[in-house]
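The values are calculated or read from the model by the stated rules, or taken from the named source; none is laboratory data. Note that the structure is a prediction, hence the values are computed from the model and not measured. Please note: Cβ atoms are built from the backbone with ideal geometry, for glycine as well, and neighbour counts cover all protein chains shown.
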Amino acid sequence: MLLTTSVGSFPKPDYLIKARSRFRKKEIGQQELRRLEEQSTREWIARQEDLGIDILVDGEQYRGDMATYFAENLEGFAISSLVRSYGNRYYRKPVVIGPIRRKRPITIEWFKFAQGLTKKPVKGMLTGPYTIMDWSFNEHYPNRRAVALAIARVIHDEAKDLERAGATYIQIDEPALSTRTEEIDLAIEAMKICTQGLRAKTITHICYGDFAAIYPKMLKLAVDQIDLEFANRKFELLATFKKPRFTKEVGLGVVDVHSHRTESKEEVIGNIEQALKVFKPEQIYVDPDCGLKTRTVDEAVDKLRVIVEAAREVRSRLGTKHSVHSTSLSTDPERAKRVEGSALSTKARRLVNSR
Amino acid sequence: MKTTVIGNYPKVAEDSYGTKVIGALNRWQKGEVNNEDLEQVFSETTASVIAEQEAAGIDIITDGQIRWEDLVTPLAKRVDGFSINGLTRFYNNNVYYRQPILERAPRWKGPALVDDFRKAKALVKRAALKAVIPGPWTFTQLIEDRHFKQPVKCMQALAEILHQEAKALAEAGAAFVQIDEPSVGATPPPAASWLKAMSTITKGLPAKTSARFYFYSPDGLFAKLQDAAVDAIGLDIVSDPKLLGRILKVRWHKALGLGCVDARNTKLETIADLRKLFDRVTKVVPADQLFVSPNCGLEFLPHDKAIAKLRLMVDAVRQWQRG
């Protein structure tokens, strides 16, 4: 219970930011960039191990934008020239220009690399079909639904490959889901395709939005766990989830990723205790609100440290009433029925058993 | 039939006027360049954007809102009573803005948008230049109101301010003042209060006025739209394709702005489809009362696609006019 984890991204160290910029200017090659991405990934795995985090992430040191990264690696996408996101921030937006297909696995090599560095489980990290669709232009498919479902099929293939490679936790992020609450049915339909037949524990992260409008319907998302930002709105979300009961596991964001200030241990303990009034201890995974990539390395480490310390203290306060063991196999009953009986790889089993 | 745009235009154009706005703003934020240097870049970019719209053949253009952070901040930062808060999503777009907070009773301190309008007007050669302001309900909804804590009261107070601004713009030579009201579709206001606020803004204004509804259909108020004290009603038939059916069933006594080119997706419309659309709409609105435009501001598009869409739109109108 109260296992600690992260949402996905970690800040890139200065040497990697410089290397990415030099790579864009063609001053260094792919090999050199890759070497530095690996170095930085090693550092993040080591940091998470040192901090005592339970479920690790690779930190996405090799990714830029979370939707564009997948679009760049899929057939059927082009990348636009610059569009504005906010203030003085611009990005290149994916454009669907043909049938979406997966030429080859996208994240598997990096997953294997990161998992090879630790005995603790590393989450397989994917971006969800609704979000990739919402964050892309569409010049090919007749409507938004057709785009989302086409992406869902390739994300499903990628998730299956992650599972075969040993992933026991697979997270499929849908930050855009709270944008157009009227499309929640489409997001549910697409997620069902993504997680069909998976035995790994599945998670989705959704960013802050109008949850009152999609609750309790959002519990129909075919995942075991929904990870949410609680800290940046002072846990007011909890009120929404009191009734009806939140039937899935919850990823509990307990520190604000948009603030430079590191929360105190007492503050985070207070946050977890508030949540325990609404969720059962075994329902809760403790993590930051969102990816930490916008913080400095030191800020990110400090925030993670507080999370680990606070979770440990609450665990020990709860004492012997609860077991600390949990399984990473799917607990979503609806989905468990649909599992196609695909056995977990030896490595995945070993990881599950070792915990 | 005339062509127009809604308001904002890409601030950067890798294929023509470049990305100098990004660098200039970065350096200005760090204090490395002063206000005049930043203004120089804004002016140059505005000149390019105006020239480009004119070259594309748009009849009624805007200055592209190159200096604007978003629809409400340019006013909020020059009207007394506001502070600026954290990032919030701009409607159902993957675009964010810093939300102004109304801390005390708002007070108009003098023209906020007139300087920019005058500068732009000096750059225009042929087209008409329209001024754009946020609508009273949109202004109310896009801010956090900590003062009135009553949306209708807040709307009316902001309408008084918008009236003064619109008057100053008209006196500076704006022959058209457009009032943007996406929030009317997103979160419908009480109809009577909204109509009153609109009348407050346009009362005695020596300019043609229009209200623009985009991103969402103003479904709840659809029957009342023509009661608003404006000369033209502009609708977005792209975001909600069902809206066209309703437009075709109405007896239009006001001019109609037809937002029919998708400014939120790069896929190019076809001239044939647009011509068919004009055939249908001119059955309920005389051609000389029809203003053809993109459905919303063009800043959601990369520049190459934005300009391609404007050219195609003008082509479609000209071909339709030739019959």
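Residues that are among the aromatic types (Phe, Trp, Tyr) and in contact with a Leu (Cβ under 6 Å, 6 or more places away or on another chain) occur in region A:222-239; there is at least one.
Pick from region B:62-83 the residues that are part of a strand (DSSP E or B) and in contact with a Phe, Trp or Tyr (Cβ under 9 Å, 6 or more places away or on another chain): which of them is farthest from residue B:39 (Cα to Cα)? The extreme case among them is B:80.
In region B:149-160, the residues that are over 13 Å from residue B:107 (Cα atoms) form Cβ pairs under 6 Å with partners that are outside any loop (DSSP other than H, G, I, E, B) and of a type in the set (Val, Ile, Thr), at six or more places apart or across chains, as follows: B:151/B:140; B:155/B:140. The residue that is nearest to the other protein chains (Cβ to nearest Cβ), among those in region A:92-143 that are over 16 Å from residue A:155 (Cα atoms) and among the small types (Gly, Ala, Ser), is A:98.
Within region B:244-257, can one find any residue that is farther than 17 Å from residue B:320 by Cα, within 14 Å of another protein chain (Cβ to nearest Cβ), among the hydrophobic types (A, V, I, L, M, F, W, C) and assigned to a loop (DSSP other than H, G, I, E, B)? Within region B:244-257, none of the residues are farther than 17 Å from residue B:320 by Cα, within 14 Å of another protein chain (Cβ to nearest Cβ), among the hydrophobic types (A, V, I, L, M, F, W, C) and assigned to a loop (DSSP other than H, G, I, E, B). Can residue B:120 be described as in a loop (DSSP other than H, G, I, E, B) and buried (at least 22 other Cβ atoms within 10 Å of the Cβ)? Answer is no for this residue.
Among the residues of region B:283-314, how many are in a loop (DSSP other than H, G, I, E, B), more than 14 Å from every other protein chain (Cβ to nearest Cβ) and in contact (Cβ under 8 Å) with a residue 24 or more places away in the chain? Final tally of qualifying residues: 4. The helices (runs of 4 or more DSSP H) falling completely within region A:1-101 that include 2 or more residues that are crowded, with 16+ Cβ neighbours inside 10 Å and in contact with a Pro (Cβ under 9 Å, 6 or more places away or on another chain) map to A:30-51, A:68-72.
What about residue B:94, is it crowded, with 20+ Cβ neighbours inside 10 Å and within 14 Å of another protein chain (Cβ to nearest Cβ)? Here the answer is yes, as residue B:94 does meet what is asked. Among the residues of region B:194-212, those identified as over 15 Å from residue B:180 (Cβ atoms) and either of a type outside the set (S, T, N, Q) or under 18 Å from the mean Cα position of the chain (by Cα) (or both) are B:195, B:196, B:203, B:204, B:205, B:206, B:207, B:208. Within region B:7-25, which residues are under 26 Å from residue B:215 (Cβ atoms), part of a loop (DSSP other than H, G, I, E, B) and either more than 19 Å from the chain's Cα centre (by Cα) or more than 7 Å from every other protein chain (Cβ to nearest Cβ) (or both)? Within region B:7-25, B:7, B:8, B:9, B:10 qualify.
So which of B:52, B:36 ends up being outside any loop (DSSP other than H, G, I, E, B), crowded, with 18+ Cβ neighbours inside 10 Å, away from chain A (no Cβ under 14 Å) and over 16 Å from the mean Cα position of the chain (by Cα)?
Checking each option against the conditions leaves just B:52.
Please determine whether any residue of region A:44-64 is out of contact with any strand residue (DSSP E or B) (no Cβ under 7 Å at 6 or more places or on another chain), within 14 Å of chain B (Cβ to nearest Cβ) and among the basic types (Lys, Arg). No, region A:44-64 contains no residue that is out of contact with any strand residue (DSSP E or B) (no Cβ under 7 Å at 6 or more places or on another chain), within 14 Å of chain B (Cβ to nearest Cβ) and among the basic types (Lys, Arg). Among the residues examined, residue B:180 does not qualify as surrounded by fewer than 18 Cβ atoms within 10 Å (Cβ to Cβ), of a type outside the set (Gly, Ala, Ser), closer than 21 Å to residue B:290 by Cβ and under 17 Å from the mean Cα position of the chain (by Cα).
Within region A:207-218, is there a residue that is within 22 Å of residue A:116 (Cα to Cα) and touching a residue at least 40 places away in the same chain (Cβ under 8 Å)? No, that holds for no residue. Scanning region A:242-262 for residues being surrounded by fewer than 21 Cβ atoms within 10 Å (Cβ to Cβ), farther than 26 Å from residue A:156 by Cβ and more than 14 Å from chain B (Cβ to nearest Cβ) gives a total of 6. Check off (1) within 14 Å of another protein chain (Cβ to nearest Cβ); (2) farther than 30 Å from residue B:210 by Cα; (3) among the polar types (S, T, N, Q) for residue B:99 and give me the number that stays unchecked. Every condition holds for residue B:99 apart from (2).
When A:226, A:203 are checked against the criterion of being surrounded by fewer than 24 Cβ atoms within 10 Å (Cβ to Cβ), aliphatic (A, V, I, L, M) and modelled with pLDDT of 95 or more, a single residue qualifies: A:226.
Against the list (1) in contact with a Ser or Thr (Cβ under 7 Å, 6 or more places away or on another chain); (2) away from chain B (no Cβ under 14 Å); (3) within 29 Å of residue B:217 (Cα to Cα), the condition residue A:207 fails is (2).
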